[in-house]
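The values are calculated or read from the model by the stated rules, or taken from the named source; none is laboratory data. What you see is a predicted model; the values in this text were computed from it and never measured. Please note: Cβ atoms are built from the backbone with ideal geometry, for glycine as well, and neighbour counts cover all protein chains shown. Each accessible area value is taken on the protein alone, full model and side chains, heavy atoms only, with ligands, DNA and RNA left out. Shrake-Rupley method; radii C 1.70, N 1.55, O 1.52, S 1.80 Å.
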Amino acid sequence: MHVLGIETTCDETAAAIVAPGEEGRGRILANEILSQIAEHAAYGGVVPEIAARAHVEVLDRLIARALDRAGTKLAQVDGIAVAAGPGLIGGVLIGLVTAKTLSLVARKPLLAVNHLEAHALTARLTDGLAFPYLLLLASGGHTQLVAVKGVGDYVRLGGTVDDAIGEAFDKIAKLLGLGYPGGPEVERLAEGGDPERFSLPRPMLGRREADFSLSGLKTALRIEAERIAPLSNADIADLCASFQAAVVDVVVDRVRVALRAFGAVAGHPTALVAAGGVAANGAIRRALTAQAGEAGLSFVAPPLALCGDNGAMIAWAGLERLRLGLVDDLTASARARWPFAEAAPQAVAG
């Protein structure tokens, strides 16, 4: 079974071919990604119109390259998976229309995949992980703690009430005059900074609900930066280190709360999993590795190349759904917003 995956929800154009592997894992036969960072860097963030045009210009070529790298033809794939949302609607439409056209021409099943579900299932692609597991999904647009019980069966234990973690990193980077994308820059500078120089808040620490709030932390850092301006390179490094340390403390505390709530909705977790762009952050990975060990669990996170948006995760999610007969028809719609997990009643009630 081979599945083609197409990803165009934001500023990466991607196409991949994935097949089942050994011990429940997947085999990535090809994974082509073209980032648009250079196109958006001058604007300090993603410009939807530029992103959509870039997808149009390269998507056909990337699909052809993925098929060639995998040594297969479109007629030989068993399904065509595409991220149908959530994301920038222009880009989502381009990917979905392309996938529908290929599905119609090649007479292959269409698999309209939720981009967030694809992140949630990446641990099964890379590690063959069994259900259920606790997922920290953290990216530029999303921060959620989810009980992953099965394909299409997800319970949200907590989420952000304001900024996503990746969004907060990017905003701090912009505030400090760093490059785009901001998250990796903040992490890089934090390595040489003093995380104890600035006393920053840890929002939501100790709360019974596994929710996040980062707007107050972001504001506190801005106040500190304005207080000591003009900023030296050492000041910026210390601010980055202090900010990252606060985020790590919040993540650890929120995951601890979610682990306590997990049993009521899904039983005993097989692992603690991180996915999404923020899962590439080394400090967060180290903290979660230690936390998982304390809980008697393994920690699973994708290799760095699969933390960001990619076609392999879309293809794998499509393969998982195809196995279960969860296919779509040509009426599948593009969605700018598309929640993939239902909130746990006890999480809402507090």
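Quick notes
- Residue within the stretch 278-298 that is open to solvent by 50 Å² or more (accessible area, probe 1.4 Å), part of a helix (DSSP H, G or I) and closer than 19 Å to Gly140 by Cβ present: yes
- Among (1) outside any helix (DSSP H, G or I); (2) in contact with a strand residue (DSSP E or B) (Cβ under 8 Å, 6 or more places away or on another chain); (3) of a type in the set (Gly, Ala, Ser); (4) open to solvent by 20 Å² or more (accessible area, probe 1.4 Å) - the single one Ala274 does not satisfy: (4)
- Breaking point among (1) farther than 30 Å from Ser242 by Cβ; (2) touching a helix residue (DSSP H, G or I) at 6+ places or on another chain (Cβ under 8 Å); (3) among the hydrophobic types (A, V, I, L, M, F, W, C), for Leu324: (2)
- If you go through the stretch 217-242 and keep only what is free of Cβ contacts under 8 Å to residues at least 40 places away in the same chain and surrounded by 15 or more Cβ atoms within 10 Å (Cβ to Cβ), you end up with Ala220, Glu224, Asp235.
- Scanning the stretch 94-145 for residues that are out of contact with any Ser or Thr (no Cβ under 6 Å at 6 or more places or on another chain) and of a type in the set (Ser, Thr, Tyr), we see that the one that is surrounded by the fewest Cβ atoms within 10 Å (Cβ to Cβ) is Thr101.
- Matching residues in the stretch 19-38 - criterion: being within 21 Å of the chain's Cα centre (by Cα) and part of a helix (DSSP H, G or I): Ile37, Ala38
- Given (1) open to solvent by 20 Å² or more (accessible area, probe 1.4 Å); (2) in contact (Cβ under 8 Å) with a residue 24 or more places away in the chain; (3) under 19 Å from Leu134 (Cα atoms), number of the condition Ala245 does not satisfy: (3)
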